[in-house]
Amino acid sequence: MISEKKMISEPKFALLLLLPTIVILLGLLLYPFLYSIYLAFVNLNLTKPWIGTKFVGLENFATVLKDNEFWLSMLTTFYFTVFNVAASMVIGLAAALLFNTKFRFRGLARSLLLIPWAMPGVVNAMLWQTMLHPNYGLVNGLLLKLGLISDPINWLSDPKLALASVITAQLWTSFPFVALMYLAALQSIPYDLIEAGKIDGAGTFRIFTHIIVKLLVPVTLVLLVLRTIDSFRTFDLIFAMTKGGPANATELAGVYLYKQGFMFSNFGVGSAGSYVLTAFILVFVILYMRILRQRDDH
């Protein structure tokens, strides 16, 4: 007599197939997350291995909060975030309005819009580093030809200009995402509403301010959350372009944390600082979400 083999159920079989991926993701995400929490409460310095690992409680957090360099980096990060987010929202909306109109080669133009956004941060940094070079950079070359400047400008060496320069470089790679999100929202607006506004005698400006802008509020708040988080955690572009210089003029919080952890080997301080930075990001996110919730309630 042939015994019937016990068949495994479909959900269990699916889970069995997904198990290797789940284990890998847990190893790559959960373990580093838990280990970073552990590091935030211990004193670990690889330059002095004979000291060993010592539990210090909240001492690392106190060290970060008492460090003037940390607060200076947070202030620089705040300036960087405000100007970068505001500019990317304005330019992104303008680009979306442009690409929402019909013109020749519109499809090609939309495709080209993705190039800066798809460009890796380090590649974008090298591109702008070359363009802003004082001797052979494209920016100085154009300004000199137009007669707007008489001498080359050291964009990345001048503390007064370096932050504006890296904001411009970050803006180049961030506004296309905003434009695509706004473009999708614009195309979802019923054309009947715009037609009704025209019938009522509303001009282009009133239609934009009273219909389009109001309907774009939800996507605007979502973009504010995403762009704020992205700006606060910017690291690769800054480190590749200026490494936080000159004179710490472009040292964002991410660069400060990198220096603490990987240059000074203060892994505990670096981990604690990362959670302090996370707390600041959460404050902004909660604020945005409350505004969005209040709008939905009304």
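Each value in this text was obtained by applying a stated rule to the coordinates, not by laboratory testing. All values derive from a computational prediction rather than experimental measurement. Note that each Cβ is placed from the backbone with ideal geometry, even for glycine, and that neighbours are counted across all protein chains shown.
Residue 265 passes every criterion in (1) surrounded by fewer than 18 Cβ atoms within 10 Å (Cβ to Cβ); (2) under 29 Å from residue 172 (Cα atoms); (3) of a type in the set (Ser, Thr, Tyr) apart from (2). Regarding the stretch 143-165, can at least one residue be identified that is of a type outside the set (Asp, Glu), closer than 25 Å to residue 112 by Cα, in contact with a Gly (Cβ under 6 Å, 6 or more places away or on another chain) and surrounded by 15 or more Cβ atoms within 10 Å (Cβ to Cβ)? No, every residue in the stretch 143-165 fails to be of a type outside the set (Asp, Glu), closer than 25 Å to residue 112 by Cα, in contact with a Gly (Cβ under 6 Å, 6 or more places away or on another chain) and surrounded by 15 or more Cβ atoms within 10 Å (Cβ to Cβ). Selection within the stretch 105-131: residues that are under 22 Å from the mean Cα position of the chain (by Cα) and either part of a loop (DSSP other than H, G, I, E, B) or among the aromatic types (Phe, Trp, Tyr) (or both). The member of this set that is nearest to residue 221 (Cα to Cα) is 117.
Which of the residues that make up the stretch 113-164 are small (Gly, Ala, Ser) and over 30 Å from residue 99 (Cβ atoms)? Steps first, please.
Step one: list which residues in the stretch 113-164 are small (Gly, Ala, Ser), which gives 118, 121, 125, 137, 141, 147, 150, 157, 162, 164.
Correct list: 147, 150, 157, 162.
If you check residue 188 against the conditions, is it crowded, with 16+ Cβ neighbours inside 10 Å and not charged (D, E, K, R)? Judged against the criteria, residue 188 is not a match.
Please tell me if residue 127 is loosely packed, with under 15 Cβ neighbours inside 10 Å, among the hydrophobic types (A, V, I, L, M, F, W, C) and out of contact with any strand residue (DSSP E or B) (no Cβ under 9 Å at 6 or more places or on another chain). Against the criterion (loosely packed, with under 15 Cβ neighbours inside 10 Å, among the hydrophobic types (A, V, I, L, M, F, W, C) and out of contact with any strand residue (DSSP E or B) (no Cβ under 9 Å at 6 or more places or on another chain)), residue 127 does not qualify. Contact map, the stretch 191-205: residues that are farther than 15 Å from residue 215 by Cα and without any contact (Cβ under 8 Å) to a residue 60 or more places away in the chain paired with residues that are surrounded by 10 or more Cβ atoms within 10 Å (Cβ to Cβ) and of a type outside the set (Val, Ile, Thr), Cβ distance under 8 Å, separation 6+ or inter-chain. Pairs shown: 202/210.
Would you pick out the residues in the stretch 199-225 that are of a type in the set (Ser, Thr, Tyr) and exposed (fewer than 13 other Cβ atoms within 10 Å of the Cβ)? Walk me through how you get there before you give the answer.
Taking the stretch 199-225 as the starting set, the residues that turn out to be of a type in the set (Ser, Thr, Tyr) are 204, 209, 220.
If the condition is that a residue be of a type in the set (Ser, Thr, Tyr) and exposed (fewer than 13 other Cβ atoms within 10 Å of the Cβ), then 204, 209 are the ones that fit.
Determine whether the stretch 242-258 contains at least one residue that is free of Cβ contacts under 8 Å to residues at least 60 places away in the same chain, crowded, with 22+ Cβ neighbours inside 10 Å and aliphatic (A, V, I, L, M). For the stretch 242-258, residues free of Cβ contacts under 8 Å to residues at least 60 places away in the same chain, crowded, with 22+ Cβ neighbours inside 10 Å and aliphatic (A, V, I, L, M): present. With respect to residue 139, determine if the residue is without any contact (Cβ under 8 Å) to a residue 40 or more places away in the chain, more than 22 Å from residue 257 (Cα to Cα) and surrounded by 13 or more Cβ atoms within 10 Å (Cβ to Cβ). Spelling it out, residue 139 is indeed without any contact (Cβ under 8 Å) to a residue 40 or more places away in the chain, more than 22 Å from residue 257 (Cα to Cα) and surrounded by 13 or more Cβ atoms within 10 Å (Cβ to Cβ).
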